[in-house]
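Have a look at the structure below, then the notes.
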Amino acid sequence: MIPGTSTGAVLDIDLEAIADNWARLCRQHPSGPVAAVLKANAYGLGAVPVARRLFAAGCRHVFTAHLSEAQAIRPLLPGAMLAVLNGLWPGDAPAYAAADIAPVLGSLAEIEEWAAHARTLGRPLPGLLHVDTGMNRLGLPPQDVDALAAEPGRLDGVRLLYVMTHLVSAEAPGDPINAQQRDRFARACARLPATPQSLANSSGCFLGPAFGSDLARPGAALFGVNPTPGRPNPMRAAVRLRARILQVRDVPPGGRIGYNGVWTARRPSRIATVSVGYADGYPRSLTNHAAACFDEQVVPLVGRVSMDLSTFDITDAPGAAVGSWLDLIGPGMPVDEVAHRGGTNGYEILTQLGARYRRAYLGA
Ligand SMILES: *Cc1c(COP(=O)(O)O)cnc(C)c1O
């Protein structure tokens, strides 16, 4: 059997919407080109088809988190910059150089390793520099920027493409950390060799022109996650998760549904079971909180989300029957709404989308 054909759940991935979102972000960020961050298999949607579509749209800068992710899409991106955010592991330099992949260098040790390999090869190697301005996670801390400013020869052999930093709270425009990071970044760049700069992630593209740079690095917004939480979503939805009803049960008042009976029918109820559960990345925390859509009708999720199954109250959707499709994510149930109901964010919902769904690409 072909994997994914028997699940009764289909993930529609709209590559046209993703390309359109990239074009919108380009208009939103006029100070420089817009890269695509395709880490975690393009936020769960498939790095290969997404990279191919965005390259066709004109995208020429791509980031992944891991070297292996970059290697997998390198052939699809001839001549494009392909960079790895999580940096250079000791010993990986030859693999980067062989595939023309640029590491994002985030420590003096990584700079030394990459520069040494460039000297070994006798040719300059492309790299980016990550400066930590407040995340305290990756990137050069202030004392290492000082060391580099004092001794720029440490970069000999590295063809610096961009200096970048990463915003901590870009989705919260009122948070003063945004302006602090921008200012710290500007001060660090002024002390380093003159190099193009890269600042905004998805939400950063919506913080105004002061957060414009020579290269934006959005990920989530490409895939329809709202980069401006609390305001209307400027992006197009790119994902629809449809599940087919396997069985319908008539449950009398007092009947309880699923593990531990955490939902009790208060009226004669029709309960639909679909084959999507937490093993498919439909979070267990959605128990009694989520809803799906049947056509325009919202049908609440009732009872526990179990490993492979979930149950919905379709009493008020008389047209729904065995074989009908419910939208677990779709036009009436955006990914951000599912995330909110599950106590997480759209990033996590997308990156956890299960391997058992049949993936159908639109606009490939
Ligand atoms: C993930 C990531 C991005 C993209 O962030 P989004 O919020 O998804 O746009 C950009 N830069 C870095 C360093 C990242 O880790």
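Hey, could you check the range 199-222 for residues that are in contact with a Gly (Cβ under 8 Å, 6 or more places away or on another chain) and more than 6 Å from the ligand (Cβ to nearest atom) and say which is farthest from Leu167 (Cα to Cα)? Of everything passing the filter in the range 199-222, Asp214 is farthest from Leu167 (Cα to Cα).
If the condition is being among the small types (Gly, Ala, Ser) and surrounded by fewer than 21 Cβ atoms within 10 Å (Cβ to Cβ), then the range 292-307 contributes only Ser306. Scanning the range 42-89 for residues being part of a helix (DSSP H, G or I) and open to solvent by less than 50 Å² (accessible area, probe 1.4 Å) gives a total of 16. Scanning the range 62-77 for residues that are touching a residue at least 12 places away in the same chain (Cβ under 8 Å) and not hydrophobic (A, V, I, L, M, F, W, C) yields Thr64, His66, Glu69, Gln71, Arg74.
Here's the yes/no breakdown for (1) farther than 20 Å from Ile245 by Cα; (2) not in a strand (DSSP E or B):
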| site | (1), (2) |
| --- | --- |
| Ala292 | no, no |
| Pro300 | no, no |
| Val322 | no, yes |
| His340 | yes, yes |
| Ile349 | yes, yes |
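The combined condition, being under 26 Å from Val34 (Cβ atoms) and open to solvent by 10 Å² or more (accessible area, probe 1.4 Å), is not fulfilled by Gly127. Exactly one residue out of Ala19, Ala35 is among the small types (Gly, Ala, Ser) and within 16 Å of the ligand (Cβ to nearest atom): that is Ala35. Scanning the range 175-208 for residues that are in contact (Cβ under 8 Å) with a residue 60 or more places away in the chain and in a loop (DSSP other than H, G, I, E, B), we see that the one that is most open to solvent (accessible area, probe 1.4 Å) is Pro196.
Screening Leu241 with (1) within 16 Å of the ligand (Cβ to nearest atom); (2) buried (at least 16 other Cβ atoms within 10 Å of the Cβ) gives one miss only, at (1).
For the range 1-43, how many residues are at pLDDT below 95 and β-branched (Val, Ile, Thr)? Counting residues in the range 1-43 that are at pLDDT below 95 and β-branched (Val, Ile, Thr) gives 3.
The values are calculated or read from the model by the stated rules, or taken from the named source; none is laboratory data. Just so we're clear, the structure is a prediction, and the values are computed from it rather than from any experiment. Note that each Cβ is placed from the backbone with ideal geometry, even for glycine, and that neighbours are counted across all protein chains shown. Surface accessibility is based on the protein's heavy atoms, side chains included, excluding ligands, DNA and RNA. Shrake-Rupley method; radii C 1.70, N 1.55, O 1.52, S 1.80 Å.
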